[in-house]
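Notes follow once the structure below has been shown.
Values in this text are rule-based calculations from the coordinates and carry no lab data. It should be emphasised that the depicted structure is a prediction, and the values quoted were computed from it without experimental measurement. Cβ placement follows ideal geometry from the backbone for every residue including glycine, while neighbour counts extend to all protein chains displayed.
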Amino acid sequence: MERGEIERRSAVAIVANLPRSIAQREVDTVAKLLNLDAECTQIVETRNSVGPGNIVLIELTSSNATDVFCGFGRIGASAESVASEAADAARSYLVSGAVAGEHLTDQLLLPFALAGGGAFTAEKLNLHSRTNMEIIRYFLPVDFVTTEEGSFTTVGIKT
């Protein structure tokens with residue numbers, strides 16, 4: 001139910017068949033926006049890919065949870081905008097105080113339902129999470145209970 005203090009922050013930019021400078025701009029942007037030291041960032045280059053692409057990943061680890069936030073490169077998007085998208089998602093998570101970020105939330109629903117109970121705090125419930133709850137109800141005898149609590153939502157399982 002509680003995330004705990006953030007113990008580790010890191011960012012990695014991965015480029016496939018693209019210039020290293022794109023990844024460098026991404027990690028520089030994330031480092032600036034999240035106050036990361038250079039030793040908390042990494043660049044991975046690969047030429048063993050069918051096509052070009054890039055992604056930036058930000059990992060936040062606390063005593064009770066680890067969540068990953070990403071920005072995907074696409075045609076027309078600058079390296080800075082890709083990195084900013086991931087950093088904005090990470091900052092939103094940090095401010096919320098929740099255990100699970102927006103995209104981890106929907107992934108936790110099935111394991112909690114299969115366990116037959118429990119609860120966790122979620123940054124927010126997006127449409128994907130709400131849809132996932134409805135689908136799970138068709139297959140398992142569980143009810144999800146959600147409660148808005150300030151900057152996050154508590155998600156519980158009632159059997």
- Being of a type in the set (D, E, K, R) and assigned to a loop (DSSP other than H, G, I, E, B) is the filter; apply it to segment 26-68 and report the residue that is farthest from Ala100 (Cα to Cα). Arg47
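With Ala77, Ala87 as the choices, which residue is buried (at least 22 other Cβ atoms within 10 Å of the Cβ) and among the small types (Gly, Ala, Ser)? Steps first, answer last, please.
Values: Ala77 fails: buried (at least 22 other Cβ atoms within 10 Å of the Cβ).
From the options Ala77, Ala87, the qualifying one is Ala87.
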- Query: Taking into account only those residues within segment 1-24 that are under 17 Å from the mean Cα position of the chain (by Cα) and among the β-branched types (Val, Ile, Thr), which is surrounded by the fewest Cβ atoms within 10 Å (Cβ to Cβ)?
  - Reply: Ile6
- Query: Where residues in segment 25-50 are surrounded by 11 or more Cβ atoms within 10 Å (Cβ to Cβ) and of a type in the set (Gly, Ala, Ser), which of them is farthest from Arg9 (Cα to Cα)?
  - Reply: Ser49
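Part of a helix (DSSP H, G or I), touching a Leu at 6+ places or on another chain (Cβ under 9 Å) and of a type in the set (D, E, K, R): which single residue out of Arg137, Arg91 fits that description?
Values: Arg137 fails: touching a Leu at 6+ places or on another chain (Cβ under 9 Å).
Only one candidate qualifies: Arg91.
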- Task: Pull up segment 60-77, narrow it to residues that are touching a residue at least 40 places away in the same chain (Cβ under 8 Å) and in contact with a helix residue (DSSP H, G or I) (Cβ under 9 Å, 6 or more places away or on another chain), then point me to the one that is farthest from Gln24 (Cα to Cα).
- Result: Ala65
- Message: Pairs needed: first member in segment 84-100, within 13 Å of Phe120 (Cα to Cα); second member anywhere, among the hydroxyl-bearing types (Ser, Thr, Tyr) and outside any loop (DSSP other than H, G, I, E, B); C-beta distance under 8 Å; at least 6 residues apart or different chains.
- Response: Gly97/Thr121; Ala98/Thr121; Ala98/Thr153; Val99/Thr121; Ala100/Thr121
